[in-house]
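Heads up: the structure comes next, in structure tokens.
The values are calculated or read from the model by the stated rules, or taken from the named source; none is laboratory data. Just so it is clear, the structure is predicted and the values come from calculations on it, not from any experiment. Cβ atoms come from the backbone with ideal geometry, glycine included; neighbour counts cover every protein chain shown. In case anyone asks, the SASA skips ligands and DNA or RNA and just uses the protein heavy atoms, side chains included. Shrake-Rupley method; radii C 1.70, N 1.55, O 1.52, S 1.80 Å.
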Amino acid sequence: MPIALLALAAFIAVIIVWNVVFKRNMGEAMLLGLVVTALFAGTRAPEYLLGGLADALTHDVLYAALAFVFMAYLIDTTGLIQKILAILNSAFGRLRGGPAFIDTAGSAVFGALSGSNSANTASSGSFTGPWMVRTGWTPTRAATVLAGNGGMGAALPPSASMVIMIGFAGGMVTTGQVYLGLLIAGLYQILLRIGLVTYFVRRDGVPRVDEHDLVPMRTSLRQGAGALTIFLGALIPIAVTVGPLATYLTEATPLGDAVGDISLLTWIPILIIGFSLIAGRDRLPRTVRGWSRLLDGALPKFATIGALLFFAIAASEILGRLGLAEDVNVILESLPVGSTVMVVVVGLVITLVAGPLSSTATLTAVGQISFLALVGVGVDPLLAIIAILVFASTEGASPPASGSIFVAAGLTGARPESTFLPLIVYYMIPIFLIGCLIGWGVLPILGV
């Protein structure tokens with residue numbers, strides 16, 4: 001077997017064994033995997049290792065990911081997500097099964113802002129989970145919905161998974177194309193979840209919510225309208241770089257081609273952080289000590305995602321120097337596999353790996369080779385990335401190791417194992433099919 005593929009196999013094995021078998025944290029697993037990968041360079045291992053680390057330090061994807069981490073932390077700390085959930089409660093609470101619809105909408109909102117499945121489940125579910133049980137949902141069904149919705153942390157842009165895949169794709173796609181493509185794919189997943197909630201409500205005979213539990217829309221809007229302004233942080237840079245406004249700015253203003261140099265990965269978190277500081281100013285500290293405590297709370301999150309992406313990017317650079325792309329092409333040329341079958345194979349691999357690992361760790365391990373495999377058999381690069389991201393988003397509903405499952409079970413009082421089969425049937429399989437349909441070009445996305 002070619003040396004680069006052997007190195008990749010060793011990288012994946014080390015990550016899974018160290019994290020799943022020995023129960024060590026993912027940062028350690030990535031570091032150990034990086035060192036093992038470099039050893040495949042033989043006598044040039046120190047050179048390859050130092051080169052990979054140097055390349056990772058200058059990679060803009062690393063800094064963008066850290067900005068998104070702080071953005072999500074600030075939105076949660078300032079209580080803006082709770083205000084948005086209150087508005088959703090006023091809008092959808094009167095529907096039968098209203099708490100589940102609110103959780104679906106809230107998970108989409110917070111998922112797009114946090115990019116974390118477990119954090120997504122905890123944030124929206126802490127409000128909607130107990131409410132669902134109190135209003136007629138069984139604990140198992142409520143936990144299934146919460147864990148299934150938690151996967152939207154990786155299904156909607158921006159997310160760390162998206163950032164990783166953009167880095168692997170190089171110049172084959174633009175950030176704007178991936179952002180909008182994943183947004184459309186995320187909407188397909190939202191429609192799936194809305195359909196599932198509607199089905200569960202009718203099948204289980206869930207009653208309407210008591211009117212006394214609802215807050216009038218006028219009240220929730222008055223108290224939380226400012227929280228909605230944070231979405232301008234995403235809408236403004238997208239409007240400026242993609243669509244009619246971008247065309248006008250490029251062709252009819254002095255900005256010209258400079259518009260194309262605007263990075264969504266840079267400006268979306270910066271602007272959302274800015275709007276969050278304004279909208280959540282009443283919850284911000286007033287003293288230096290208070291700001292110190294707030295920033296200290298973000299440090300563990302920086303350490304986790306920072307170490308993960310830093311070592312992941314460094315390992316990716318080493319694999320590239322070892323000739324991973326060339327090795328994959330050699331294998332593909334010797335296999336009589338068409339694009340239709342390859343999409344299914346890649347989807348199965350990613351879905352299986354996402355069981356014990358997070359979506360970011362999954363794509364760190366197999367994202368690059370999956371992308372190369374799909375592009376190598378003729379799949380459009382943008383469709384390949386979006387399909388891979390959809391496959392990886394099953395992580396939130398993948399038993400038995402998904403953090404979302406245990407968070408949801410804790411919030412509803414359900415037994416975690418009781419949700420395993422429903423999550424596979426109602427969430428994992430349909431999401432896998434959505435990924436296949438996108439990879440085959442059947443479900444349309446923007447940019448292709």
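Taken along the Cα-to-beta-carbon direction at a fixed 7 Å, the label points for Glu47 and Thr250 span 4.1 nm. Give the angle, between 0 and 90 degrees and rounded to the nearest 10, that separates the Cα long axis of helix 3-16 from the longest principal axis of the Cα atoms of the chain. Here the helix axis deviates by roughly 30 degrees.
Full extension of the segment from Ala225 to Ser292, taken as 0.36 nm per residue of separation minus the current Cα-Cα distance, would add 21.3 nm.
Say R0 is 22 Å: what FRET efficiency, to the nearest 0.05, do Val337 and Ile424 get from their beta-carbon distance? The calculated FRET efficiency here is 0.25. Computed from Cα atoms, the angle from the helix 160-169 axis to the main principal axis of the chain rounds to 30 degrees. Extension gain for Val20 to Ile262 (0.36 nm times residue separation, less C-alpha to C-alpha distance): 83.1 nm. Between 0 and 90 degrees, the angle of helix 288-322 with respect to the longest Cα principal axis of the chain falls at about 30 degrees.
Each residue of region 174-187 is assigned a 3J(HN,Hα), and the resulting list reads 9, 4, x, 4, 5, 4, 5, x, 5, 5, 5, 4, x, 5 Hz, derived from the Karplus form 6.51 cos²θ - 1.76 cosθ + 1.60 (θ = phi - 60°), x at Gly and Pro. Computed with a 1.4 Å probe over protein heavy atoms only, the accessible surface of region 3-440 comes to 41 Å² per residue. Using heavy atoms of the protein chains and a probe of 1.4 Å, the accessible area assigned to Leu255 is about 100 Å².
Atom-type composition of the exposed protein surface of the chain places 67 percent of the accessible area on carbon and sulfur (1.4 angstrom probe). When you restrict to C-alpha pairs under 8 Å that are six or more residues apart and normalise by the size of the chain, the relative contact order lands at 26 percent.
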